[in-house]
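The structure appears right after this line, and notes come after that.
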Amino acid sequence: MKKQNHFVAYLLIGLGTYFLIKQLNLSLFDNFYSWPTVLIIIGIVFLIHSYSTHEYQHIFTGVLLLGLGIHFHGLENYSFWIDHWSIFLLIAGVAFVIRYLQTYSGLIPGLILIGIALILIFSVTLPNAFKWFYGVTEFLDSFWPIILIGIGFYTLYKKK
């Protein structure tokens, strides 16, 4: 079988297994009979295909779909799951960093997205030990345009 067909084969195996388990109505998997599980399966298929064929450009898509599937599954099934829009930034940042491990590109955007996501997640409610973080976020909230301008000038005039 050609390597191009591997993706379709993995996808059919994953979806077939999902629907077989659903049809058998196994009580062990009751929480997984939902649409986020399909996202998880497709994300895993992208990752398996990327690593088995050494075509690492699909790692980002695989991690993104896997992360979204896990997030939506967590929202449906766990009361402690964080329901904040910055989780999507965190998932994208993690996808960039994991892709960087194979392609050596995308580390800086990944770290920036993870940093922004963590700031936004923890700025909602913080434990008392991290109250100093409110001062940092207030400072950044006031001066972020100046910081962007500074980064722009630095990027424009830095030596290659």
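The values are calculated or read from the model by the stated rules, or taken from the named source; none is laboratory data. Small disclaimer: the values here were computed from a predicted structure and weren't measured. Because the Cβ atoms are built from the backbone with ideal geometry, glycine has one as well, and the counts that use them run over all protein chains shown.
Closer than 24 Å to Phe96 by Cβ, surrounded by 14 or more Cβ atoms within 10 Å (Cβ to Cβ) and out of contact with any Phe, Trp or Tyr (no Cβ under 7 Å at 6 or more places or on another chain): does that describe Ile44?
Values: closer than 24 Å to Phe96 by Cβ: yes; surrounded by 14 or more Cβ atoms within 10 Å (Cβ to Cβ): yes; out of contact with any Phe, Trp or Tyr (no Cβ under 7 Å at 6 or more places or on another chain): yes.
The answer is yes for Ile44.
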Heads up, the helices (runs of 4 or more DSSP H) in segment 55-151 (entirely inside) with at least 1 residues that are within 20 Å of Ile42 (Cα to Cα) and modelled with pLDDT of 85 or more are 59-77, 86-103
Is it the case that Phe88 is surrounded by fewer than 16 Cβ atoms within 10 Å (Cβ to Cβ), within 30 Å of Phe139 (Cβ to Cβ) and not aliphatic (A, V, I, L, M)? yes
Scan segment 16-41 residue by residue and report those that are surrounded by 15 or more Cβ atoms within 10 Å (Cβ to Cβ), of a type in the set (A, V, I, L, M, F, W, C) and without any contact (Cβ under 8 Å) to a residue 40 or more places away in the chain. Ile21, Val38, Leu39, Ile40, Ile41
Testing Glu55 on (1) buried (at least 21 other Cβ atoms within 10 Å of the Cβ); (2) farther than 20 Å from Ile121 by Cα, one condition comes back false. Which one is that? (1)
